[in-house]
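First up is the structure itself, then whatever we jot down about it.
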Amino acid sequence: MARKLAFINYKGGVGKTSLIVNTAACLARMGQRVLLCDFDTQSNASIWLLKLDRWNPINTTGQGAVFSIFDPGQQRVRDIILRDVVTDKAGGCPLPGLDLLPTSFNLVDLESEYTGDPHRPAYVIFQEQLAEVEANYDFILFDCPPNILRASQCGIFCANEIYVPANPDALSLIGFTLLVEKLSRFHQLSASFRKAVMGPPAQVHGIIFNAIKTGVDIEVPKMRMQLRLNQFRAAKRTAKEARIFDAFVRDAMVVRRAVALGLPVNLLGQEAAGDNVLRDYERVAEELLRQVPAL
Ligand SMILES: Nc1ncnc2c1ncn2[C@@H]1O[C@H](COP(=O)(O)OP(=O)(O)OP(=O)(O)O)[C@@H](O)[C@H]1O
Ligand SMILES: [Mg+2]
């Protein structure tokens with residue numbers, strides 16, 4: 001069965017999208033079958049991996065974007081997944097095994113314009129459709145915006161594990177605290193829609209520090225995060241195995257370059273070869289593979 005992981009923090013800009021795209025790419029390189037679902041209304045992951053020339057037609061027509069499964073509701077998740085999404089200049093596939101469920105800017109309409117059937121919230125529709133493709137994957141990853149509104153809810157409802165990208169600052173700690181509060185509220189609200197086959201609602205399993213600048217000592221922010229995590233774990237508000245990852249990701253120019261080039265860091269060739277940040281993402285992927293949730 002696929003492991004379903006949501007990456008979310010209530011703090012924006014901490015590196016959720018960079019971390020999830022690069023980690024997904026490393027997992028695919030290790031032979032894992034990965035589906036990345038873009039639930040961010042800014043479409044950053046989709047624009048990054050598709051580049052503008054492939055993403056623009058999806059955005060203009062709405063055809064093939066995740067919002068189309070809700071409105072007009074004629075497409076299904078299985079129809080709009082882009083398989084082996086990364087292509088090279090020659091049209092080849094340099095990263096087989098990384099699939100994308102793309103989004104477009106109209107996903108924002110899910111938050112306000114979309115009414116749908118109140119007895120079938122968007123996250124239920126999504127969960128039913130995702131179930132049709134789950135057997136094709138080892139990992140399904142959800143990139144979420146920094147909130148638990150309807151788009152995020154789709155990922156959170158389906159996920160079994162939640163990972164919190166964080167920067168070594170007070171705002172990331174506040175973002176983590178808020179996230180745990182909002183998660184329990186959402187789990188209460190959605191409880192009557194859960195099916196036994198889905199397993200228990202997802203809790204935080206790990207915190208992953210990102211964009212650590214050279215020479216910056218992260219021991220104090222790490223200790224503060226650890227204390228908060230200990231409190232939540234003792235109160236059973238996170239998974240019992242929740243912990244701060246040993247792996248962390250350095251701040252590196254090549255991460256920003258990768259976005260501009262429309263490639264994950266592990267496909268940058270010479271530009272990333274020997275850069276420690278590539279090894280950081282690989283370590284995050286390895287740690288995720290080892291972090292098998294307790295039953
Ligand atoms: N390790 C890193 N080194 C350097 N720059 C980074 C790193 N991680 C992320 N960034 C940069 O920081 C900015 C924010 O990153 P990203 O978009 O991944 O954050 P986010 O949490 O997904 O944001 P949002 O809340 O808007 O979705 C981007 O410009 C990205 O290129
Ligand atoms: Mg993002």
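The values are calculated or read from the model by the stated rules, or taken from the named source; none is laboratory data. All values reported here derive from a predicted model rather than from experimental measurement. In this analysis, Cβ positions are derived from the backbone assuming ideal geometry, glycine residues included, and neighbour counts consider all displayed protein chains.
For the reader, a short list of remarks on this structure follows.
- The set of residues in the range 54-88 that are at pLDDT below 95 and either farther than 27 Å from Ala131 by Cβ or of a type in the set (Ser, Thr, Tyr) (or both) comprises Thr87, Asp88.
- Each residue in the range 70-96 was checked for being outside any loop (DSSP other than H, G, I, E, B) and crowded, with 18+ Cβ neighbours inside 10 Å, and 3 of them qualify.
- Where Glu241 falls short, out of the listed (1) surrounded by 11 or more Cβ atoms within 10 Å (Cβ to Cβ); (2) of a type outside the set (Lys, Arg); (3) out of contact with any strand residue (DSSP E or B) (no Cβ under 7 Å at 6 or more places or on another chain): (3)
- Within the range 32-64, the set of residues being farther than 26 Å from Ala122 by Cα and assigned to a loop (DSSP other than H, G, I, E, B) comprises Gln32 only.
- Residue match in the range 267-288 (condition: modelled with pLDDT of 85 or more, crowded, with 18+ Cβ neighbours inside 10 Å, assigned to a loop (DSSP other than H, G, I, E, B) and of a type in the set (Gly, Ala, Ser)): no
- Selection over the range 205-233 of residues that are β-branched (Val, Ile, Thr) and under 22 Å from the mean Cα position of the chain (by Cα) gives a count of 3.
- Test: Arg257 is over 28 Å from Arg228 (Cβ atoms) and either in contact (Cβ under 8 Å) with a residue 12 or more places away in the chain or surrounded by 16 or more Cβ atoms within 10 Å (Cβ to Cβ) (or both): yes
- In the set Leu100, Leu27, Leu82, only one residue is within 16 Å of ligand 2 (Cβ to nearest atom) and closer than 29 Å to Leu288 by Cα; that residue is Leu100.
To keep it simple, each residue is scored yes or no on (1) modelled with pLDDT under 95; (2) surrounded by fewer than 17 Cβ atoms within 10 Å (Cβ to Cβ); (3) within 30 Å of Pro118 (Cα to Cα).
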| position | (1), (2), (3) |
| --- | --- |
| Ala166 | no, no, no |
| Pro201 | no, no, yes |
| Gly215 | yes, yes, no |
| Leu227 | no, yes, no |
| Phe248 | no, no, no |
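- Meets criteria (in contact with a helix residue (DSSP H, G or I) (Cβ under 9 Å, 6 or more places away or on another chain) and within 16 Å of ligand 2 (Cβ to nearest atom)) for Ile125: no
- Filter result for Phe39 (within 16 Å of ligand 2 (Cβ to nearest atom), under 27 Å from His187 (Cβ atoms) and among the aromatic types (Phe, Trp, Tyr)): yes
- Residues located in the range 8-31, provided they are more than 8 Å from ligand 1 (Cβ to nearest atom) and outside any helix (DSSP H, G or I): Ile8, Tyr10, Met30, Gly31
- Test for Arg233: is it within 16 Å of ligand 2 (Cβ to nearest atom), part of a helix (DSSP H, G or I), free of Cβ contacts under 8 Å to residues at least 12 places away in the same chain and of a type outside the set (A, V, I, L, M): no
- Among residues of the range 171-222, those that are free of Cβ contacts under 8 Å to residues at least 60 places away in the same chain, aliphatic (A, V, I, L, M) and either within 16 Å of ligand 1 (Cβ to nearest atom) or in contact with a strand residue (DSSP E or B) (Cβ under 6 Å, 6 or more places away or on another chain) (or both), counted: 6
- Within the set Met225, Met198, the sole residue that is out of contact with any Lys or Arg (no Cβ under 6 Å at 6 or more places or on another chain) and more than 30 Å from Arg120 (Cβ to Cβ) turns out to be Met225.
- Members of the range 42-51 that are under 13 Å from the mean Cα position of the chain (by Cα) and more than 9 Å from ligand 1 (Cβ to nearest atom): Ser43, Ser46
- For the range 115-127, a residue qualifies if it is at negative phi and either loosely packed, with under 15 Cβ neighbours inside 10 Å or touching a Gly at 6+ places or on another chain (Cβ under 9 Å) (or both), and the qualifying residues are Thr115, Asp117, Pro118, His119, Arg120, Ala122, Tyr123, Ile125, Phe126.
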